[in-house]
Amino acid sequence: MNASDLLLGDRLAPMTSSMGFVDAPSARVSDQLMTWMAETKGALGIDATTRIIRGSLDEVLHTLLPLRIGEPNRFLLLPTRSSQTCYLDNGYRGTDSAAIAYLAKALGCRTAWIVAVPNTLRRVGKQWQGRQGTLVLEVYGPHQTEWVNTVRAIRLVNDAGSWEFDAVGDPYPFEEGNRYLDKKVSDRFTLDMLKRYSAELGLHPFDADFYLPPTEQTANLVQLSGNLPKTSKDVSLGEARRLNRIED
């Protein structure tokens with residue numbers, strides 16, 4: 001996996017390293033998110049506001065900054081060329097899957113969480129440098145399953161130099177199941193496979209022109225303010241990249 005194969009050449013990672021997709025219009029997702037924040041944060045003295053964002057994809061993504069160590073306080077909803085809305089938060093390690101799973105149940109729709117991190121992990125002396133490669137496709141539905149509301153999950157992760165692969169849930173008809181038996185674990189799930197699977201779900205997460213189509217060129221930014229946790233901390237994109245070992 002090369003950085004050039006990822007959204008915007010991966011230069012905005014970790015903001016674009018993990019992305020959520022909700023099969024509902026962005027306005028509806030924004031309304032549900034605002035309701036959820038009011039229910040879970042209002043009593044804590046935390047307010048949620050929403051505003052319309054215009055501009056290029058690069059400019060819109062920059063409204064997530066600064067990134068956040070601790071609980072995210074910005075949530076970006078981008079329309080796409082499909083029926084699905086892209087969901088991003090400003091967590092310094094990328095968008096978390098918890099809200100994606102929640103929105104599937106709250107909105108009664110399918111959602112997906114996609115992660116793509118190039119593997120640059122290597123030993124330098126006694127230390128590890130670089131990023132642990134990761135490819136994930138998780139699909140959630142509105143109903144309880146054996147794994148909360150996970151419909152299907154496929155994961156390939158480099159854990160300290162050792163590749164691990166696992167898959168849960170019923171396979172989709174389009175999956176290339178024979179690849180999961182490959183002797184070389186890192187070949188069991190590739191970026192090309194993730195792209196093909198995503199396309200079958202109506203998603204093209206790594207194509208810039210998939211976002212902010214001509215018919216809907218505005219995004220929604222939900223932002224929290226007020227009595228935010230004191231343990232959370234803002235960091236710049238550059239600092240987040242350093243903490244994620246992207247610049248190693």
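The values are calculated or read from the model by the stated rules, or taken from the named source; none is laboratory data. Being a predicted model, the structure only gives us computed values, none of them experimental. Note that we place each Cβ from the backbone using ideal geometry, even for glycine, and neighbour counts take in every protein chain shown.
Given the conditions (1) within 24 Å of Pro72 (Cα to Cα); (2) outside any helix (DSSP H, G or I), report the number of the one that Tyr172 does not fulfil. Every condition holds for Tyr172 apart from (1). Within segment 95-118, restricting attention to residues that are more than 10 Å from the chain's Cα centre (by Cα) and charged (D, E, K, R), the residue that is farthest from Pro72 (Cα to Cα) is Arg110.
Checking Ser225, Ser186 one by one, the residue that is among the hydroxyl-bearing types (Ser, Thr, Tyr), in a strand (DSSP E or B) and on the phi < 0 side of the Ramachandran plot is Ser225 and no other. Going through Gly202, Gly141 one at a time, which residue ends up being more than 22 Å from Arg93 (Cα to Cα), at pLDDT 95 or above and touching a helix residue (DSSP H, G or I) at 6+ places or on another chain (Cβ under 6 Å)? None of the other options fit; the residue is Gly141. Looking only at segment 1-37, which residues are of a type in the set (A, V, I, L, M, F, W, C) and part of a loop (DSSP other than H, G, I, E, B)? Scanning segment 1-37 gives Met1, Leu6, Leu12, Ala13, Met15, Ala24. Annotation: of all residues in segment 139-192 being among the charged types (D, E, K, R) and in contact (Cβ under 8 Å) with a residue 24 or more places away in the chain, the one that is farthest from Leu6 (Cα to Cα) is Asp159.
Scanning segment 108-119 for residues that are over 17 Å from Leu12 (Cβ atoms) and either among the hydroxyl-bearing types (Ser, Thr, Tyr) or crowded, with 18+ Cβ neighbours inside 10 Å (or both) yields Cys109, Arg110, Thr111, Ala112, Trp113, Asn119. Looking for whichever is small (Gly, Ala, Ser), within 21 Å of Gly94 (Cβ to Cβ) and touching a Phe, Trp or Tyr at 6+ places or on another chain (Cβ under 9 Å) here; the options are Ala153, Ala167, Ala208. Which one fits? Just a single option satisfies the conditions, and that option is Ala153. Sort through Thr63, Thr85, Thr95 and tell me the only one that's touching a helix residue (DSSP H, G or I) at 6+ places or on another chain (Cβ under 6 Å) and β-branched (Val, Ile, Thr). Only one candidate passes the filter, namely Thr85.
The set of residues from segment 42-61 being surrounded by 13 or more Cβ atoms within 10 Å (Cβ to Cβ), over 26 Å from Arg110 (Cβ atoms) and in contact (Cβ under 8 Å) with a residue 60 or more places away in the chain comprises Ile46, Asp47. Do you know which residues across segment 95-116 are farther than 24 Å from Leu237 by Cα, among the hydrophobic types (A, V, I, L, M, F, W, C) and assigned to a strand (DSSP E or B)? Residue satisfying the conditions is Ala112 alone. Taking the criterion of being within 22 Å of Arg241 (Cα to Cα), under 15 Å from the mean Cα position of the chain (by Cα) and assigned to a loop (DSSP other than H, G, I, E, B), the residues of segment 49-94 that qualify are Pro72, Asn90, Tyr92, Arg93, Gly94. Within segment 144-169, the set of residues being out of contact with any helix residue (DSSP H, G or I) (no Cβ under 9 Å at 6 or more places or on another chain) and either crowded, with 16+ Cβ neighbours inside 10 Å or at pLDDT 95 or above (or both) comprises Arg152, Ala153, Arg155, Val157, Asp166, Val168, Gly169. Cβ-Cβ distances below 7 Å connect the following pairs, each with a first residue in segment 202-214 that is under 17 Å from Val139 (Cβ atoms), a second residue that is of a type in the set (A, V, I, L, M), and a separation of six or more residues or different chains: Leu203/Ala112; Pro205/Leu7; Pro205/Met19; Pro205/Ile114.
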